Amino acid sequence: MSATQGDGRLAPVIPLFDDASGRRSWHSTWDDDGDDDTALDEYDDEGAVGEDDGSAIERELAERALLKRLRTRQLSEKEACGVLAERSLDSAQIDAVIAAFRARGYLDDSRLAEQLIHIGVDRKGQGRRAIAITLSQRGIPRAVAEAALRSLPDDDAERALEFARHKASAMRGLEREVALRRLVGQLARRGHPAAVDVARRALDEVAGRPS
């Protein structure tokens with residue numbers, strides 16, 4: 001259920017996500033009954049100051065669309081702008097909605113970047129290059145992405161070898177060249193450096209050959 005502050009507005013609670021696409025796995029910022037009207041009503045208590053009725057309605061509809069999208073997938077600010085741009089809002093209105101959602105914790109590029117890095121490293125075995133591509137594709141600003149990537153230990157080579165060893169052990173029945181080609185492809189897709197050398201070393205170890 002949604003947590004509320006003393007003034008009745010939603011507290012800035014962020015949902016947890018489980019994969020690189022940012023889809024919600026088990027927890028939502030809003031109620032799970034599929035009705036986000038309460039969240040929107042609480043969010044809109046302050047109203048759209050200075051807007052005429054038509055503009056206020058357009059903004060309300062855009063906010064509803066964005067809230068609905070955020071129920072199922074955490075978005076970067078750039079992605080949220082894309083959702084709002086599909087509605088009849090001008091740039092000032094879009095900026096105002098983004099600022100309001102950011103202030104309430106519904107949008108947080110730094111937190112999203114950290115989650116995507118965690119998913120990439122711990123669950124997908126990705127290297128720094130592949131993770132950087134994911135952050136860029138999700139619209140994370142370069143400065144935010146670089147700051148988040150700096151928190152990664154400089155252990156791409158070790159993680160690549162660990163991944164390759166695990167995969168190579170399942171390829172014992174394959175001819176070496178077939179196994180090498182598959183393993184190199186898997187390493188390259190995950191952005192690991194020196195994929196060919198790492199794959200060869202892992203296959204040698206599995207076969208009991210000296211590296």
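Can you find, within segment 68-84, the residue that is nearest to residue 136 (Cα to Cα) among those that are part of a helix (DSSP H, G or I) and in contact with a helix residue (DSSP H, G or I) (Cβ under 7 Å, 6 or more places away or on another chain)? Break it down stepwise before answering.
Narrowing segment 68-84 to residues part of a helix (DSSP H, G or I): 68-72, 77-84.
Adding the requirement that they be in contact with a helix residue (DSSP H, G or I) (Cβ under 7 Å, 6 or more places away or on another chain) leaves 69, 77, 80-81, 83-84.
On the way: 69: 20, 77: 12, 80: 15, 81: 15, 83: 18, 84: 20 Å.
Selected residue: 77.
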If I go through segment 106-125 residue by residue, how many of them are in contact (Cβ under 8 Å) with a residue 40 or more places away in the chain and either assigned to a helix (DSSP H, G or I) or more than 27 Å from residue 71 (Cβ to Cβ) (or both)? 8
Given the condition among the aliphatic types (A, V, I, L, M) and within 29 Å of residue 71 (Cα to Cα), answer yes or no: does some residue in segment 163-173 qualify? no
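Looking at segment 125-142, is at least one residue on the phi > 0 side of the Ramachandran plot and open to solvent by 10 Å² or more (accessible area, probe 1.4 Å)? I'd like the intermediate steps shown before the answer.
Residues of segment 125-142 on the phi > 0 side of the Ramachandran plot: 125, 139.
Retained after the next criterion (residues that are open to solvent by 10 Å² or more (accessible area, probe 1.4 Å)): 125, 139.
Scanning segment 125-142, I find at least one residue that is on the phi > 0 side of the Ramachandran plot and open to solvent by 10 Å² or more (accessible area, probe 1.4 Å), so the answer is yes.
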Odd one out for residue 152, checked against (1) within 30 Å of residue 198 (Cβ to Cβ); (2) in contact (Cβ under 8 Å) with a residue 12 or more places away in the chain; (3) over 13 Å from the mean Cα position of the chain (by Cα); (4) open to solvent by 40 Å² or more (accessible area, probe 1.4 Å): (4)
So which residues in segment 116-144 are over 22 Å from residue 195 (Cα atoms) and among the β-branched types (Val, Ile, Thr)? 140, 144
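Being of a type in the set (Lys, Arg) and under 23 Å from residue 117 (Cβ atoms) is the filter; apply it to segment 169-208 and report the residue that is farthest from the chain's Cα centre (by Cα). Spell out how you get there, then give the answer.
Within segment 169-208, the first condition is being of a type in the set (Lys, Arg), and the residues that meet it are 172, 176, 181-182, 189-190, 200-201.
Narrowing the set further to residues that are under 23 Å from residue 117 (Cβ atoms) leaves 189-190.
Numbers: 189: 18, 190: 16 Å.
Only one residue tops the list, namely 189.
Test residue 114 against the stated conditions and say whether it is over 23 Å from residue 136 (Cα atoms) and among the acidic types (Asp, Glu). Working first, answer last.
Values: over 23 Å from residue 136 (Cα atoms): no; among the acidic types (Asp, Glu): yes.
Spelling it out, it is not the case that residue 114 is over 23 Å from residue 136 (Cα atoms) and among the acidic types (Asp, Glu).
The values are calculated or read from the model by the stated rules, or taken from the named source; none is laboratory data. Since we're looking at a predicted model, the values are computed, not measured. Here the Cβ is made from the backbone with ideal geometry for all residues, glycine too, and neighbour counts use every protein chain on show. For the accessible areas, the whole protein counts, side chains as well, though only heavy atoms, and no ligand, DNA or RNA atoms are used. Shrake-Rupley method; radii C 1.70, N 1.55, O 1.52, S 1.80 Å.
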